[in-house]
Amino acid sequence: ISLESLPGLESLELNQSTCTANQAIASVIIFVNPYLKRLKLNNLEHLADEDLILLSERCSELTDVLINSCRNISHKGLIHLLQNCRGLQSLSLIRSGLGCIPWALSEYDFTTSCLRSKITALSSLQVVNFPRLNDATLDRISQTFRTLTSANLSYCSAVGDNGVRHLIMNCPNITSLTLVKTGVTDETLRLVSFQLKSIAYFNVSGCPQISDDGIQAVAQNCFHLKSIDASKCSLITEQSLVQLTQHCNDIREIVLSETNVSKIPESILWCTRLERLDITNTTAELPYQSDDNVIRGGLKEIMEYFIESNLTF
C-alpha cells in the first residue's frame, strides 16, 4: 500500500498480503481518508477491536463495509462501527470456507450489535456462514433494519421458514434474497411469491426441501424475476423450467444444475432475454454441432441453432 495515496482514496481493501502485523494496520489507519466510502477487511488476523473502533471514528462517512474472517473482531468493534457510521448502506460479515473458523464475534454478539445500531437506511446485509443464527435472532435483526432491499443468509443453517417469514414481513422492499444451504422449504417460496412480487434475484441453492411446487409459485407471481438459482435441489425437475420460461418474461439467468431436470422445454424459446441457462450435471442434453461451434451453455447460441436448423425440442 502506498501511504501517500491513502488520503485521496474512497475505497480501501486490506488483506493478509498488505497488512501482516499490528504496526502495518495502524500505519494505514493513520493515513486513511476520513471521507472513505467503501472498506473491505479480508482475513486480517491482527485486526483488533481497537483498530475497527479507530477506523469507524475516523471514517464515519463509510457506506459499504465488508469484514471477512477477521477473527479478533468482536461485538465491541462492531457496535462502534454500527453507531459511528450512521450512513452505512451495505454491511457484509463473512466466515470464509464451509467450516466455521474461530471468531470472537458470535451470533449473539452480532444480534446485540445490530440492536444498538444507529444506522438509518441499511439497504444490503450479508451474514454468511453463521450456523447458529436462528429464526428468532433474524426476526430481531430484521426489525432493526427495515430498509433492506438485499439480504444474503447463505450457510446460516439454523435459519428456516419462520425466520425468513419475519424477514419478509419486516423488510417488504427486498428485491434480492440469497438463502443458500439454509433450512427453508416451499413454504418460504410461497410467501415470497405473495409478499415479494418485485423480487429480481433469488437463490435457494442447496436447499433440499425446495420442489417444483415452490418454484411454480414464484414463477407465476414474481414477474420481475431476473435470476433464479435452485441448483443442488434434487426435487426440482423440468416442470420448474417450464414454469419459469412460461411466466418470467424478463428472466436473464436460470441455474438448475445438479437437479432432476431431464429435458429442455420448448417454452425456453419464448425467453428472448435469457442469457444463461445452467443445467450441468443433469440428464438433460444441450444441442451441439459436430464442428468447432460446440454449444454448451449460451442461450442465444442454442436458440439460433434451433431456429437456423428448423429443429424442435
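The values are calculated or read from the model by the stated rules, or taken from the named source; none is laboratory data. Nothing here was measured: the structure is a model prediction, and the numbers come from that model. FYI the Cβ positions are ideal-geometry reconstructions off the backbone, even for glycines, and counts take in every protein chain you see. With ligands, DNA and RNA removed, areas are computed over all heavy atoms of the protein, side chains included. Shrake-Rupley method; radii C 1.70, N 1.55, O 1.52, S 1.80 Å.
Determine, yes or no, whether D213 is on the phi < 0 side of the Ramachandran plot, open to solvent by less than 40 Å² (accessible area, probe 1.4 Å) and not in a loop (DSSP other than H, G, I, E, B).
Numbers: on the phi < 0 side of the Ramachandran plot: yes; open to solvent by less than 40 Å² (accessible area, probe 1.4 Å): no; not in a loop (DSSP other than H, G, I, E, B): yes.
Spelling it out, it is not the case that D213 is on the phi < 0 side of the Ramachandran plot, open to solvent by less than 40 Å² (accessible area, probe 1.4 Å) and not in a loop (DSSP other than H, G, I, E, B).
Using the structure shown, decide if S90 is closer than 25 Å to V184 by Cβ, open to solvent by less than 50 Å² (accessible area, probe 1.4 Å), at pLDDT below 90 and under 18 Å from the mean Cα position of the chain (by Cα).
Numbers: closer than 25 Å to V184 by Cβ: yes; open to solvent by less than 50 Å² (accessible area, probe 1.4 Å): yes; at pLDDT below 90: no; under 18 Å from the mean Cα position of the chain (by Cα): yes.
In short, no.
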**Request:** Just give me the residues in segment 161-187 being touching a strand residue (DSSP E or B) at 6+ places or on another chain (Cβ under 9 Å) and not charged (D, E, K, R), in sequence order.
**Result:** V164, L167, I168, C171, I174, T175, S176, L177, T178, L179, V180, T185
